[in-house]
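The values are calculated or read from the model by the stated rules, or taken from the named source; none is laboratory data. Just so we're clear, the structure is a prediction, and the values are computed from it rather than from any experiment. A quick note on method: Cβ atoms are made from the backbone with ideal geometry, for glycine too, and the neighbour counts reach across all protein chains shown.
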């Protein structure tokens, strides 16, 4: 997935596509201008780059994502935990929850997620 790492601006761009796909490339230019403040040339440059990396597809002026949001989120989470917490999920959760209180519903949901992962 390292080939599919998205930088911040790329992630925002691909997020627009995830939200609107399939999207016509002309409409994508308008979305990028409104949401990101990009010019047409910037939109097409980033689109070409991400298509060449196999992240997006632009067939007959219709843009779709080849790499889905959950794949990117999984990779980014794993990279963050590895980089910042030495790969330790318990250290990550401890740091994340240190100043945050969970609702009983959130705590129950996390318990179910952990139990399912342990099976």
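Structure above, values below:
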{"read-out": "In the stretch 82-101, the residues that are at pLDDT below 90 and part of a loop (DSSP other than H, G, I, E, B)", "value": "98, 99, 100, 101"}
{"read-out": "Qualifying residue in the stretch 3-10 (condition: surrounded by 12 or more Cβ atoms within 10 Å (Cβ to Cβ), within 11 Å of the chain's Cα centre (by Cα), in a loop (DSSP other than H, G, I, E, B) and at pLDDT below 95)", "value": "yes"}
{"read-out": "Out of 29, 46, 23, sole residue that is under 17 Å from the mean Cα position of the chain (by Cα) and in contact (Cβ under 8 Å) with a residue 12 or more places away in the chain", "value": "46"}
{"read-out": "Residues that are exposed (fewer than 12 other Cβ atoms within 10 Å of the Cβ) and within 18 Å of the chain's Cα centre (by Cα), drawn from the stretch 69-90", "value": "70, 73, 80, 83"}
{"read-out": "Residue among 65, 61 that is touching a strand residue (DSSP E or B) at 6+ places or on another chain (Cβ under 9 Å), surrounded by fewer than 12 Cβ atoms within 10 Å (Cβ to Cβ) and in the same structural domain as residue 28 (by TED's automatic domain parsing)", "value": "61"}
{"read-out": "Residues located in the stretch 28-52, provided they are surrounded by 15 or more Cβ atoms within 10 Å (Cβ to Cβ) and either over 16 Å from residue 8 (Cα atoms) or out of contact with any helix residue (DSSP H, G or I) (no Cβ under 8 Å at 6 or more places or on another chain) (or both)", "value": "28, 29, 31, 44, 51"}
